[in-house]
Amino acid sequence: MTQYPSYSGPEEPIAAAGPVGPAPKSTDLAAKLMLVLAALSLVGLVLSVLTRGQLEDSIRDRSPELSADGVHTAVNVGLAFAVVLGIVFVVLYLLLAGQVRKGRNWARIVTVVLSALSVLSALSAIVQSGAVAPKLLSILSGVISLAVIVLLLRPDSKAFFARR
């Protein structure tokens, strides 16, 4: 019978993945700002419903060939989309904020990507016409999202995520 050498594992023990201290201030602040973004998403939902009349007027002005039913359908579809998307972003920001605090690098990457999209959305809101309140909300969200990106890409934050 042939004997094969056995493998006993690495010579040095691998450190168990786990907490290695609290999150740095930049990471903690980014997570708090993500909670603010979740709250702003809720405000955006309310504004979407409250500005329904302005949305109807805007659709009528841009598409005068649409019937009253067509305008109502377009508004209802738009509002349904906005509500669903808003709820998704609220939940996503809440979940991501918790994972960022735990030092999950995947959450940091997803947050940076979503925040970059928010910044682009804010830039497009500047040049678009429409109701002032949603535009200001989008710009505010974009500025906060830019701050989140900067905070999560700081050296102390990067080191925190690298240790996990």
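The values are calculated or read from the model by the stated rules, or taken from the named source; none is laboratory data. In this text, all values refer to a predicted model and were calculated from it rather than measured experimentally. When we count neighbours, we look across all protein chains shown, and the Cβ atoms used for this are built from the backbone with ideal geometry, even at glycine.
Determine if segment 97-107 includes at least one residue that is part of a helix (DSSP H, G or I) and touching a Gly at 6+ places or on another chain (Cβ under 6 Å). Among the residues of segment 97-107, not one is part of a helix (DSSP H, G or I) and touching a Gly at 6+ places or on another chain (Cβ under 6 Å), which makes the answer no. Within segment 125-164, restricting attention to residues that are of a type in the set (Ser, Thr, Tyr) and under 17 Å from the mean Cα position of the chain (by Cα), the residue that is surrounded by the fewest Cβ atoms within 10 Å (Cβ to Cβ) is SER138.
Answer yes or no as to whether ILE126 is hydrophobic (A, V, I, L, M, F, W, C) and at pLDDT 95 or above.
Working: hydrophobic (A, V, I, L, M, F, W, C): yes; at pLDDT 95 or above: no.
It is false that ILE126 is hydrophobic (A, V, I, L, M, F, W, C) and at pLDDT 95 or above.
Checking every residue in segment 64-73 against the condition of being touching a residue at least 40 places away in the same chain (Cβ under 8 Å) and surrounded by fewer than 18 Cβ atoms within 10 Å (Cβ to Cβ) gives zero matches. Against the list (1) in contact with a Ser or Thr (Cβ under 6 Å, 6 or more places away or on another chain); (2) free of Cβ contacts under 8 Å to residues at least 40 places away in the same chain; (3) within 15 Å of ALA38 (Cα to Cα), the condition VAL148 fails is (2).
Cβ separations smaller than 6 Å between residues 6+ apart or across chains give no pair from segment 11-30 residues that are surrounded by fewer than 10 Cβ atoms within 10 Å (Cβ to Cβ) to residues that are hydrophobic (A, V, I, L, M, F, W, C) and at pLDDT 75 or above.
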